[in-house]
Amino acid sequence: MARVQLKNLEKVYGGGVKAVHGINLDIDDGEFMVFVGPSGCAKSTTLRMVAGLEEITGGEVVIGDTRVNDLPPGKRSIAMVFQNYALYPHMKVRGNLAFGLKIAGKSKPEIAAAINDVARILEIEPLLDRLPKQLSGGQAQRVALGRALIKKPGVFLFDEPLSNLDAKLRASMRVRITDLHRRLKAEGLSSTVIYVTHDQTEAMTMGDRICVMQAGRIMQVATPKVLYNHPANLFVAGFIGSPEMNLIEGHLTGDSFVLGSQRLALGADMLGRLSARPADAVLGVRPQHLALAPDGLQARLTHAEFMGHEVYLHADLEGRKIIAVVGTAEYETLGRAGVIHLRPTPEHLHVFDKSDGRNVSLREGSCAA
Ligand code: ADP
Ligand code: MG
């Protein structure tokens with residue numbers, strides 16, 4: 001069992017910098033959990049406390065049934081993969097793969113068999129007799145992955161492992177890693193993953209669940225679908241999704257959202273969903289959920305980006321910059337007119353309390369972890 005629990009986990013660095021503010025998180029055995037958030041939000045610090053590379057200054061890390069706070073990394077049943085690969089430069093690939101097993105006292109035939117296995121899975125057989133400097137970035141990352149895999153750990157810890165690769169290689173490595181995770185699970189191997197990234201595409205495509213962090217705190221923990229459809233707060237709403245969700249400041253008055261000289265009737269369904277009626281509110285609508293419609297909100301088109309099958313319309317709505325994504329054919333009906341009308345689809349609207357950022361329009365239970 002390699003369930004991982006973080007209990008009131010805190011980190012205060014020397015000099016008094018509080019990096020992690022009491023995090024609680026329960027990661028299931030075999031789950032692929034992604035930590036995502038902007039640079040400096042303490043993803044690495046949290047991961048390194050799980051790994052045993054950083055002292056825990058408050059709270060607990062539990063792996064399986066064991067509190068590991070005082071165990072060295074080698075006793076935690078974890079393997080870590082770093083952004084910079086961290087291969088031993090003077091050892092060939094074969095030696096790099098063998099290293100951990102040699103230390104653990106495995107026999108030569110056992111080690112050779114394990115290397116063959118891992119090399120086959122990761123398709124690095126032709127590279128076994130090369131030195132790290134003779135590898136491309138993608139090859140080196142596969143070797144780093146192999147070095148983790150060969151240890152058969154209960155928990156894999158990844159810290160931005162794909163950041164040094166170009167976009168195409170990143171995309172193929174994403175698939176390789178998630179496939180590998182699925183395969184290990186299917187073989188009945190306990191393979192819990194904690195994967196750190198600042199890249200929302202990686203988070204959305206790889207995670208069973210995603211833990212969104214900001215400034216050493218958890219903003220929301222949920223499946224990719226729930227994060228996208230039911231963001232718990234303004235931070236998550238703005239962080240997940242591309243182009244970013246439009247977050248439009250205004251006021252709730254009666255049954256409408258008022259922005260400048262225009263008002264948007266919210267409709268019975270939305271009004272029924274509101275758990276609060278903050279006077280200062282923020283309306284959230286994804287660019288994909290704004291459609292051209294004559295009775296929509298009036299905006300001034302400032303710029304159009306042609307993306308192929310769709311066009312990103314940049315517009316000014318009562319002094320607020322917004323983006324709408326429309327089909328190319330639809331865009332071509334616009335002509336050169338500077339004024340456009342955009343109607344949000346009511347079921348995809350969100351209302352946030354401006355004062356604390358909370359989504360006050362969530363259906364009950366919809367954003368549960
Ligand atoms: P992330 O991985 O999300 O980019 P980090 O975990 O590296 O963030 O850093 C979280 C916070 O802790 C940052 O404010 C960073 O400056 C601070 N920090 C990281 N390492 C140290 C350290 N060794 N000493 C003091 N502060 C640190
Ligand atoms: Mg980091």
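Every read-out reported here was derived from the displayed coordinates using simple, explicitly stated rules and does not represent laboratory data. Note that this is a predicted model, so its numbers are computed, not measured. Note that we place each Cβ from the backbone using ideal geometry, even for glycine, and neighbour counts take in every protein chain shown.
Rounded, prolate or oblate, given the Cα gyration tensor of the range 199-247, with a/c below 1.5 counting as rounded? Note, shape of the range 199-247 comes out rounded. Just list whichever of 92/133; 102/185; 75/102 have alpha carbons separated by over 21 Å in the model shown. Over 21 Å apart, Cα to Cα: 102/185. Which of rounded, prolate or oblate describes the range 119-174 when judged by the alpha-carbon gyration tensor and an a/c cut-off of 1.5? Cα axes put the range 119-174 in the oblate bin. Calculated from the alpha-carbon coordinates, the range 243-353 shows an Rg and a Dmax of 14.0, 42 Å respectively. One Cα centroid belongs to the range 8-44, the other to the range 231-308; the line between them spans 32 Å.
Once the chain from residue 104 to residue 53 is taken as fully extended at 0.36 nm per residue, the excess over their C-alpha distance is 16.4 nm.
Relative to the current alpha-carbon distance between residue 130 and residue 60, full extension at 0.36 nm per residue lengthens the span by 21.1 nm. Can you work out the FRET efficiency for the pair residue 163 and residue 277, with r the C-beta to C-beta distance and R0 = 45 Å, to the nearest 0.05? Working from the Cβ atoms, E equals 0.55.
Distant-in-sequence amide contacts of residue 32, defined by a placed amide H-H separation under 5 Å and a gap of 5 or more residues or a different chain, comprise 193, 208, 209. When shorter helices are ignored and each DSSP H run of at least 4 residues is given -39500 (n - 2.57), the per-residue value for the chain at 222 nm works out to -8000 deg cm²/dmol. Restriction of the chymotrypsin sites (Phe, Trp or Tyr not before Pro) in the range 271-369 to DSSP coil positions whose beta-carbon has at most 15 other beta-carbons within 10 angstrom yields no sites. Compute the angle between helix 108-122 and the longest alpha-carbon principal axis of the chain, please, reported from 0 to 90 degrees and rounded to the nearest 10. Between helix and principal axis, roughly 20 degrees. The stretch between residue 175 and residue 92, if pulled fully straight at 0.36 nm per residue, gains 27.2 nm over its current Cα-Cα span.
In straight Cα distance, which lysines are under 26 Å from residue 354, not counting same-chain residues fewer than 8 positions off? Correct list for residue 354: 225, 321. Principal-axis analysis of the Cα atoms of the chain puts helix 137-149 at an angle of about 70° to the longest axis. Taking only the Cα atoms of the chain, the radius of gyration and Dmax are 24.4, 78 Å. Loop sites by DSSP among the GluC sites (Glu not before Pro) of the chain, restricted to those with at most 16 other Cβ atoms within 10 angstrom, leave 245-363 as the longest stretch without any of them.
What the Cβ-Cβ distance of residue 28 and residue 316 gives, at R0 = 45 Å and to the nearest 0.05, is a FRET efficiency of 0.45. Each Lys and Arg adds +1 at its Cβ and each Asp and Glu adds -1 at its Cβ; summed about the Cα centre, the chain shows a dipole of about 1300 debye. Apply the a/c threshold of 1.5 to the C-alpha gyration tensor of the range 55-178 and tell me whether it is rounded, prolate or oblate. Here the range 55-178 falls in the oblate category. What FRET efficiency do you get for residue 123 and residue 356 if R0 is 51 Å and r is their Cβ-Cβ distance, rounded to the nearest 0.05? FRET efficiency, residue 123 to residue 356: 0.55. The mean sequence separation of alpha-carbon pairs under 8 Å and at least six residues apart, normalised by the residue count of the chain, gives a relative contact order of 16 percent.
In order along the range 295-302, phi translates into HN-Hα couplings of 9, x, 5, 8, 9, 9, 5, 10 Hz, rounded to whole numbers, per the Karplus curve 6.51 cos²θ - 1.76 cosθ + 1.60 with θ = phi - 60° and x for Gly and Pro.
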